[in-house]
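Chemist: Would you mind keeping the following structure in view while I ask a few things?
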Amino acid sequence: MKGQLTLRGIIIGCAGCALITASSVYVALKMGALPWPIIFAALLSLFVLKAVSRNQTTLNEANVTHTVMSSGAMVAGGLAFTIPGAWMLGAGREIEPGQLMVIALAGSAVGLVASIAFRRHFIERARLEYPLGQAAAETLKAGDAGEKAGVKLFGAMGFAAVWSVLRDGFKIIPSMVAQLPIPGVVFGVYASPMMVAVGFLVGTGAVLVWFAGALLANFGIIVGFPLLGLADVNASQQIASCLGMGCMMGCGIAVIVRDIAPLGAKTLFGKAKQAQTSAHRLGLTAASATGGRFSQPQMRVWYRTGAGIFVFACAAVAVCITLELPLGVTAVVLIAAFVACAMSAQSVGQTSIDPMEIFGLIALFLVAAFADVTELQLFFVAAIVAVACGLAGDVMNDFKAGAVLGTDPRAQWVGQAIGGMVGSVVAVFAIIALLQAYGPDAFGPGREFVSAQASVVATMVTGVPNMPAFLIGATVGFVLYLLRFPAMMLGLGMYLPFYLSFTAFLGVLVKTAADLIQRRHMAHLPAQDQEKRKRAWDESGLLVASGLLGGESIMGIILAMMLTGVAFFS
């Protein structure tokens, strides 16, 4: 761990974690999705470390620092994808900050314990791809984030922040441009650098599917159905949203069926068979093989197991007391969260998708089936599981980057634990600031913060308004994912307001145009130079887009805090 987990790395990582976590809360609520921050965190960590101490920085130190930095983003996602659903049902003022803190810390604790338990299997034995983890490692190896990179990153952040102040603070820049009066459809371009950057970062193929879903829902159903006399505008909007929700739910179930369950069964029965064979062959136990004493590796396993049980016990006590969940329900929730973390690790390793809110819904349904709990407590259940799965998925990505670079996993895990705690505090603070600044009515479809996933959770708690449309969407999402089609993006496009999808689509057009211009400029160069220039161009685009996304979202949190302060003192 020496030279990898450093004091300067922890300080830089915690500062970056606070910024990225606050940004992630805003992005998740605003656009109903959350891009993985791992590449951005890797570049930022390397840049800042080299700016502080150029000659002493190593890639392993940068890797551990970025592990700290990216930890809180998925904790933020777990809260943002579940808790606002309670506000949509009118229970926002009943949730206390202490309850949110317990949810975040308990979920983070389960995710951290699960990541240690599953690391060796998924990283070393199964050798899952974890594309984002590998990309982060390659970014650290190939990137040399110098002064020019810093100018691009922080320049873009500054531009987006100033833009946000002019738009949301002084109202000089309009929020929407090119609006058209189409019944039932909010048509226009959202004046948001962040949304353009999201389209740039998510990728051409995924955003095209996203936009196709938006066209189908808004013009095929919301506009088309009333013209054909099949339904009025309100009913058509309900059909479109239920189709989108069902599609996302079906895709999440398909992830479990196709990607997680087969490997889980293989792992379970394979290990049982291996253990049985070894026992028959050796005819003795591990303890007897060492003269009644356990070996040092076995003792480490016992210590870790004991520490994990202790952490679970502390989390259970906190959940029982603060959230007022019965002990039996709490045990089921934490065990379900642990199992869901394995599903999350498998899903992220194979697809880079972490359907954390779907895992939270599964736990919610499980608890609702046998326990007498309130609607608000069901949201707590979903949030704990979602936070645990989010953090576990992020940890496994980081472990993969560490395996590529040769980083000590213990240093990474300690960094992740530090970042998880910092992220929990910042995420709770940010989400409360937004609630107090804008009020609970600002969350939901067609509102200031769309909160798509949380709206799905709220719908599942209260009952689906159009069950046939939901079931059709779930079937379509399930089948399309089995056919390896990005059904989650299709459902997201069907569910989100059209102006958000259209603005993200413009981001793809910007990326496509920029790539074409770059290719023309490189056409005369040798192939090797073209590859080098392309890598530099991609890094520059990533830096600028990440800066735009981070600048607007962080300024959104700051403006919310300012609004909260004004309301408090007025």
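Chemist: Restricting the range 22-35 to residues that are surrounded by 24 or more Cβ atoms within 10 Å (Cβ to Cβ) and of a type in the set (Gly, Ala, Ser), which is modelled with the highest pLDDT?
Modeler: Ala22
Chemist: Let me ask you something else. So for the range 13-21 (the condition being hydroxyl-bearing (Ser, Thr, Tyr), open to solvent by less than 10 Å² (accessible area, probe 1.4 Å) and touching a Ser or Thr at 6+ places or on another chain (Cβ under 7 Å)), does at least one residue qualify?
Modeler: Taking every residue of the range 13-21 in turn, none turns out to be hydroxyl-bearing (Ser, Thr, Tyr), open to solvent by less than 10 Å² (accessible area, probe 1.4 Å) and touching a Ser or Thr at 6+ places or on another chain (Cβ under 7 Å).
Chemist: A further question on this structure: What is the residue count in the range 477-510 for residues that are assigned to a loop (DSSP other than H, G, I, E, B), within 15 Å of Val209 (Cβ to Cβ) and not aliphatic (A, V, I, L, M)?
Modeler: Residues flagged as assigned to a loop (DSSP other than H, G, I, E, B), within 15 Å of Val209 (Cβ to Cβ) and not aliphatic (A, V, I, L, M) within the range 477-510 amount to 3.
Chemist: Follow-up question, since we're still on this one. Among the helices (runs of 4 or more DSSP H) lying completely within the range 314-416, list those that include at least 2 residues that are of a type in the set (Val, Ile, Thr), modelled with pLDDT under 90 and open to solvent by 10 Å² or more (accessible area, probe 1.4 Å).
Modeler: The helices (runs of 4 or more DSSP H) meeting that bar are 327-351.
Chemist: Give just the number: which of (1) closer than 18 Å to Gly446 by Cβ; (2) surrounded by fewer than 16 Cβ atoms within 10 Å (Cβ to Cβ) does Val151 not satisfy?
Modeler: All conditions are met except number (1).
Chemist: Which ones in the range 418-442 are closer than 29 Å to Leu112 by Cβ and open to solvent by less than 20 Å² (accessible area, probe 1.4 Å)?
Modeler: The answer is Gly419, Gly420, Gly423, Ser424, Ala427, Val428, Ala430, Ile431, Ala433, Leu434, Leu435.
Chemist: So for the range 532-543 (the condition being of a type in the set (D, E, K, R), assigned to a helix (DSSP H, G or I) and out of contact with any helix residue (DSSP H, G or I) (no Cβ under 8 Å at 6 or more places or on another chain)), does at least one residue qualify?
Modeler: yes
Chemist: Tell me, which residue of the range 448-468 that is open to solvent by 10 Å² or more (accessible area, probe 1.4 Å) and in contact with a Leu (Cβ under 6 Å, 6 or more places away or on another chain) is modelled with the highest pLDDT?
Modeler: Ranking the candidates gives Val461 first.
Chemist: Going through Leu480, Leu506 one at a time, which residue ends up being touching a strand residue (DSSP E or B) at 6+ places or on another chain (Cβ under 9 Å), at pLDDT 90 or above and among the aliphatic types (A, V, I, L, M)?
Modeler: Leu506
Chemist: Tell me whether the range 53-65 contains one or more residues that are of a type in the set (Val, Ile, Thr), in contact with a Lys or Arg (Cβ under 8 Å, 6 or more places away or on another chain) and modelled with pLDDT under 85.
Modeler: Yes: one or more hits.
Chemist: Just checking: which of the helices (runs of 4 or more DSSP H) contained wholly in the range 37-121 hold 3 or more residues that are among the hydroxyl-bearing types (Ser, Thr, Tyr) and buried (at least 24 other Cβ atoms within 10 Å of the Cβ)?
Modeler: In the range 37-121, 59-80 are the helices (runs of 4 or more DSSP H) which contain 3 or more residues that are among the hydroxyl-bearing types (Ser, Thr, Tyr) and buried (at least 24 other Cβ atoms within 10 Å of the Cβ).
Chemist: Quick one: in the range 188-214, of everything that is among the small types (Gly, Ala, Ser) and part of a helix (DSSP H, G or I), which residue is surrounded by the fewest Cβ atoms within 10 Å (Cβ to Cβ)? Don't jump to the end; show me each part of the working.
Modeler: Step one: list which residues in the range 188-214 are among the small types (Gly, Ala, Ser), which gives 188, 191-192, 197, 199, 203, 205-206, 212-214.
Then keep just the ones that are part of a helix (DSSP H, G or I); that gives 197, 199, 205-206, 212-214.
Numbers: Ala197: 30, Gly199: 26, Gly205: 11, Ala206: 18, Ala212: 16, Gly213: 27, Ala214: 28.
Result: Gly205.
Chemist: Of the residues Ala442, Ala437, Ala401, Ala411, only one is in contact with a His (Cβ under 9 Å, 6 or more places away or on another chain) and more than 24 Å from Leu334 (Cβ to Cβ); which?
Modeler: On the way: Ala442 fails: in contact with a His (Cβ under 9 Å, 6 or more places away or on another chain); Ala437 fails: in contact with a His (Cβ under 9 Å, 6 or more places away or on another chain); Ala411 fails: in contact with a His (Cβ under 9 Å, 6 or more places away or on another chain).
Answer to the selection: Ala401.
Chemist: Let me ask you something else. Out of all the residues in the range 502-517, is one or more out of contact with any His (no Cβ under 6 Å at 6 or more places or on another chain), more than 30 Å from Ala536 (Cα to Cα) and open to solvent by 20 Å² or more (accessible area, probe 1.4 Å)? If you could, list the steps in order and put the result at the bottom.
Modeler: Taking the range 502-517 first, the residues out of contact with any His (no Cβ under 6 Å at 6 or more places or on another chain) are 502-517.
Subsequent filtering for residues that are more than 30 Å from Ala536 (Cα to Cα) retains none.
So far as the range 502-517 goes, no, none of its residues is out of contact with any His (no Cβ under 6 Å at 6 or more places or on another chain), more than 30 Å from Ala536 (Cα to Cα) and open to solvent by 20 Å² or more (accessible area, probe 1.4 Å).
The values are calculated or read from the model by the stated rules, or taken from the named source; none is laboratory data. All values reported here derive from a predicted model rather than from experimental measurement. So basically every Cβ, Gly included, is an ideal-geometry build from the backbone, and we count neighbours across all protein chains shown. Only protein heavy atoms, including side chains, enter the accessible area calculation; ligands, DNA and RNA are left aside. Shrake-Rupley method; radii C 1.70, N 1.55, O 1.52, S 1.80 Å.
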